[in-house]
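A short worksheet on the structure shown next.
Throughout, read-outs are computed from the coordinates displayed, never taken from laboratory work. Since this is a predicted model, take the numbers as computed values, not measurements. Cβ placement follows ideal geometry from the backbone for every residue including glycine, while neighbour counts extend to all protein chains displayed.
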Amino acid sequence: MSTHTAVPEDTLNGAGRGGNLERYDPEFTDKVINAMGPKTNPRLRTIMTSLIRHVHDFARECDLTVDEWMMGVNMINRCGQMSDDKRNESQLLCDVIGLETLVDEITFKLAGEATDLATQSAILGPFYRHDVPLSEMGTNISDNTPNDAVPAYMFGKVTSAKTGKPLANVEIDIWQASTNGLYEQQDPEQKDCNLRGRFKTGPNGEYSLYCLKPTPYPVPDDGPAGELLNLMDRQPFRPAHIHILAQCEGHKPIITQIFDKDSKFLDDDSVFAVKDALVVTFDPRKGDKLAQYELHYDVVLKSM
Ligand code: BEZ
Ligand code: FE
């Protein structure tokens, strides 16, 4: 076991216990669920009934011991203690067990009839900022571009899935990590709001900017989420991606990520966010001193 884990060495011994569920009190779970009073909000009752049932079944199935449960409690406590407005370790812990990707899929499906035309969603992740100033079309969002970065021009159109027509005045947020694998709020060397842009589409629905051809990076692995990855013998990297949030009156907002088709880790994303429909191609760009590659990416929004 690695030395950076806070899990006691002898806690996880005895892999193959379990199986004999009958030896536990068969009435206990219903007793806990039925303790909810009549004033409980109906949606909360649905969620808590299911949560309690699954958590109790999980504990019985694994014959979870007090030491193992306490290890989980400590992990959750440490997630809270190390989270602030720049780091969300609890969200990251959910991400590495696929929970944010799963609730994103559920939310996207519930949001209405899936049309093949509309842009697919992907998780927001912990590094979105809502306070990025508006930029002019064609702005370079990379300040002090690192020597190992490959500049790219990104452009496209936002259209309506229903009409196929361009949508004007769509607010489109773009954000990405630098080549050192860090978002600006993680990195004191980067300028405030570096590698982030907020744009409004013009009358023809178009947007454009200069950014970086994205590079793979590891999710922060110096906390409980990293410990868990290590304990599960998994790697922390995400494939190269750019985040997009597009919103416009009368349409459902879309949160997504697009992935470079040539990136490593497309088949082994540590947070399970890759979808085939979100894999894109960066093409060589000629005659532009500012960018060696270009990415044409159109966004299609569902109406409300
Ligand atoms: C990200 O893409 O920025 C991200 C998503 C989930 C966990 C960590 C980072
Ligand atoms: Fe990211």
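Below, the figures for the structure above:
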| read-out | value |
| --- | --- |
| Phe199, sole failed condition from (1) in a loop (DSSP other than H, G, I, E, B); (2) touching a strand residue (DSSP E or B) at 6+ places or on another chain (Cβ under 6 Å) | (1) |
| Asp192, sole failed condition from (1) among the acidic types (Asp, Glu); (2) within 16 Å of ligand 1 (Cβ to nearest atom); (3) out of contact with any Lys or Arg (no Cβ under 8 Å at 6 or more places or on another chain) | (2) |
| Every pair of residues 6+ apart whose Cβ atoms lie under 7 Å, when the first sits in segment 32-51 and is in contact (Cβ under 8 Å) with a residue 12 or more places away in the chain and closer than 17 Å to Val103 by Cβ while the second is loosely packed, with under 11 Cβ neighbours inside 10 Å and of a type in the set (Lys, Arg) | none |
| Residue within segment 54-73 that is in contact (Cβ under 8 Å) with a residue 60 or more places away in the chain and either touching a strand residue (DSSP E or B) at 6+ places or on another chain (Cβ under 7 Å) or within 30 Å of Cys193 (Cβ to Cβ) (or both) present | no |
| Of residues in segment 114-155 being without any contact (Cβ under 8 Å) to a residue 12 or more places away in the chain and under 22 Å from Lys252 (Cβ atoms), the one nearest to ligand 2 (Cβ to nearest atom) | His130 |
| Selected residue (only one of Val73, Val158 is assigned to a strand (DSSP E or B), more than 16 Å from ligand 2 (Cβ to nearest atom) and not charged (D, E, K, R)) | Val158 |
| Of residues in segment 170-182 being touching a Leu at 6+ places or on another chain (Cβ under 9 Å) and in a loop (DSSP other than H, G, I, E, B), the one surrounded by the most Cβ atoms within 10 Å (Cβ to Cβ) | Gln176 |
| Gln190, sole failed condition from (1) of a type outside the set (Asp, Glu); (2) in contact with a helix residue (DSSP H, G or I) (Cβ under 6 Å, 6 or more places away or on another chain); (3) touching a residue at least 60 places away in the same chain (Cβ under 8 Å) | (3) |
| Contacts under 7 angstrom Cβ, first residue in segment 87-111 being small (Gly, Ala, Ser), partner assigned to a helix (DSSP H, G or I) and away from ligand 2 (no atom under 16 Å from the Cβ), 6 or more apart | Ser90/Cys79; Ser90/Gly80 |
| Criterion (assigned to a helix (DSSP H, G or I), touching a residue at least 40 places away in the same chain (Cβ under 8 Å), within 14 Å of ligand 2 (Cβ to nearest atom) and crowded, with 17+ Cβ neighbours inside 10 Å) met by exactly one of Gln257, Gln185 | Gln185 |
| Cross-chain or 6+ apart pairs with Cβ under 6 Å, segment 206-228 first and over 20 Å from Met71 (Cβ atoms) and more than 14 Å from ligand 2 (Cβ to nearest atom), then in a strand (DSSP E or B) and of a type in the set (Ser, Thr, Tyr) | Leu209/Thr139; Tyr210/Tyr153; Lys213/Tyr293 |
| Selection count where residues are surrounded by fewer than 20 Cβ atoms within 10 Å (Cβ to Cβ) and either of a type in the set (A, V, I, L, M) or free of Cβ contacts under 8 Å to residues at least 24 places away in the same chain (or both), scope segment 230-252 | 4 |
| Residue in segment 87-113 that is nearest to ligand 2 (Cβ to nearest atom), counting only those that are assigned to a loop (DSSP other than H, G, I, E, B) and surrounded by 12 or more Cβ atoms within 10 Å (Cβ to Cβ) | Asn88 |
